[in-house]
Structures are given as C-alpha cells and as structure tokens.
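K.L.:
My structure is below; once you've seen it, I'll send some questions.
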Amino acid sequence: MPYQSIYARGLFDGQTVIVTGGGSGLGRCTAHELAHLGANVVITGRTQDKLDAVVKEIRAEGGTASGLVCDIRDELAVQATVTSVIEQHGRIDALVNNAGGQYKSPLKDISTKGFEAVVRNNLTGGFTMMREVVTQWMAEHGGAIVNIIADMWHGWPGMGHSGAARGGMLTLTETAACEWAEYGIRVNALAPGGIASSGFDTYSEEDRAYFREQAVPVIPLRRFGTESEISAGVVYLLSPAASYVTGSCLRVDGGTPTWRGGWPLQGSDNTEAFRGFHLAKPPVVLEGTGYSV
C-alpha cells in the first residue's frame, strides 16, 4: 500500500523540495508524502545512515529522493548544501524547515552554552537555511517555505530554551513573509502539538510516564496526533491552494493551547485520526496505554 495522501498525484511534479531533518519522524513522513505527490525531495540531516534509509524507502516506491548530510548549525555547511542542491537539480521550489531538537530542563539549570545550542538548533539554523535558499535561488524565482515550530503558546515550562527559539521562529516567519513577498515567496509556520512519532521515544522514563498519564487528558480531542496529520498541513501550505496564505501559523494540536481548565474535558478519541503514512509505527512509549493514534 502506498502513501494514502488526500492530495492529487502529480501536485508537485517537476518541483524540488528540501526537507531538513528528513531522516526520521515528521521529516521522514513529509518527505514520503511530497515524493508520492511527484516532488523531487532532498532530505538533509546529520546522520548519513538515516538519510540513506529514507531515500531507499522512497525510491522503492517509485519516488525521487536524495540525501545530503548537513548540520544546520554550521553556516558554511548550509551554504554548501543549498549550492549543491541547485547544481544537482537546477532549482529549489520549496523548503520545509523541520530540523531541530531540545532537551528537558528547568531554566535555572540551563547553562548559557546549552541555551545557545538549542537556540542555534531551532532558530538560527532555520534562519540560515531560509536565507540561503532565498539568496541563492528563490529571490529570482519565487517559492514557498514552511517552518515547523511547536506548541509553545503561553510559555513552555521545562523547555524554556526551545520555547524561546520556536517563538522567535514564529516572528521570523512573519517578518520574512512581509519582506520576501516582493519576490513571490510565501513563508508560513506549522505548530505541531503532541504527535505520536519516534520523537516520543527519545525522552526519559519519567517523561514517558507523563505522555501516558497526563498529556492526553488535557487535549480537547483526547488523543495524540499522527505524523501524516502534520505532513498534510505542510503539503497544504506548500500547495497552490495556499497561494494567498503567507505569514500565518497553522496549529495542528488537537486544541491543546485553547483549553485553560475552565471546561470539563470528557470522552475519549473524539475524532478519528488520519493515518496516511503507510510506514508509520506507534512509538514504543504508547504501547499498552490504550491511546489510539
């Protein structure tokens, strides 16, 4: 069974799309859907083996994909990667700024070096990717950019460094959308809430207990999201259907930031999850919990 996208095959025929952090999780899923829809997908990341595995998956299903090792924290590496994509494929039609990461810690325990590392990973690196695809290609040809941020609304206790970076990426998105409109470039953000992907399994056992016992009860739709629900949002923002959408942020979070405790949340699994990604596997942390995704 191929990817079960709701979008028409051929939607991105002839287009080249870069997906950073494409070796796993949301980036892997998004790369699969874009390739399924006809895009020539270039995935980047820090681990060659992961990139090779995803490229192999996509090619085995008839898609077009390639992988380039690139640490978005390294400015020279980003510049070289964008140059390489243009040299190899002759164009860059879209960028999905998905790469990032953080670790859990209270603010008082975060060193300045640690804070700066997370900001560089989730804000500065994304800025560098945006700037390079624009200066090297899109300023003369147009294009679309989607920046993946996070559910950091109303603060993000335990993830203050990442929340600061993601909030910065939101305002950067809005600024870029205004400044780059003259070039025919659209820039939007997408903010995932709790998404059941491989990222869940990178946290400690204490954090895993939180996912199992405390996270779902405060989600109005009473479930985690799926990787393909994020990818579908990305595809929309890159598609012609969103040609009048720029400087916006699409929240895909089950309504979590909206609930403030003033209304009792009842029931379970209040919507049926969209499961378009045929290779998706539930994270180990959710096994045996009864939570459907």
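K.L.:
State whether the stretch 1-45 is rounded, prolate or oblate according to the following rule on the C-alpha gyration tensor (a ≥ b ≥ c being the square roots of its eigenvalues): a/c under 1.5 gives rounded; otherwise a/b larger than b/c gives prolate, and the remaining case gives oblate.
P.N.:
oblate
K.L.:
Once you sort the root eigenvalues of the Cα gyration tensor of the stretch 38-144 as a ≥ b ≥ c, which label holds: rounded (a/c under 1.5), prolate (a/b larger than b/c) or oblate (the other case)?
P.N.:
Oblate.
K.L.:
Starting with the fewest neighbours, write out 104, 281, 113 ranked by other beta-carbon atoms found within 10 Å of each beta-carbon.
P.N.:
Ranked by crowding around the Cβ, least crowded first: 113, 281, 104.
K.L.:
Which of 55, 19, 245 moves most in a GNM of the chain, Cα contacts under 10 Å?
P.N.:
245
K.L.:
Rounded, prolate or oblate: which fits the stretch 170-282, taking a ≥ b ≥ c as square roots of the Cα gyration tensor eigenvalues, rounded meaning a/c under 1.5, else prolate when a/b beats b/c?
P.N.:
Cα axes put the stretch 170-282 in the prolate bin.
K.L.:
Follow-up question, since we're still on this one. Apply the membrane-span-like helix rule to the chain: whole DSSP H runs, Cα extent along the own long axis of at least 15 Å, mean Kyte-Doolittle hydropathy at least 0.5. List the helices found.
P.N.:
On the way: long enough: 25-36 (17 Å, -0.18); 48-60 (18 Å, -0.46); 75-89 (21 Å, 0.34); 160-179 (28 Å, 0.00); 227-238 (17 Å, 1.00).
Once both thresholds are applied, what remains is 227-238.
K.L.:
Follow-up question, since we're still on this one. Helix-only estimate, please: 222 nm mean residue ellipticity of the chain, summing -39500 (n - 2.57) across DSSP H runs of length 4 or more and dividing by its residues, to the nearest 500.
P.N.:
-10000 deg cm²/dmol
K.L.:
Could you tell me what fraction of 2.2 N^0.38 Å the Cα radius of gyration of the chain comes to, as a two-decimal ratio?
P.N.:
After normalising by residue count via 2.2 N^0.38 Å, the value is 0.96.
K.L.:
For the stretch 183-293, what does the relative contact order come out to in percent, with C-alpha contacts under 8 Å and a separation of six or more?
P.N.:
Relative contact order comes out at 45 percent.
K.L.:
Now for a separate question. Can you tell me, using C-alpha contacts under 8 Å and at least 6 residues apart, the relative contact order of the stretch 130-240 as a whole percent?
P.N.:
With pairs under 8 Å counted, the relative contact order is 31 percent.
K.L.:
Non-local amide H neighbours of residue 248 (under 5 Å, H modeled in plane, Pro and chain starts lacking H): which ones?
P.N.:
Amide H to amide H, under 5 Å and 5 or more residues apart or across chains, residue 248 pairs with 189.
K.L.:
How high is the relative contact order of the chain, in percent, counting Cα pairs under 8 Å that sit 6 or more residues apart?
P.N.:
RCO, the chain: 19 percent.
Only the coordinates and a few stated rules stand behind these numbers; no lab work does. Computed from a predicted model, the values in this text were never measured in an experiment. Glycine gets a Cβ as well: all are built from the backbone with ideal geometry, and neighbour counts include every protein chain shown.
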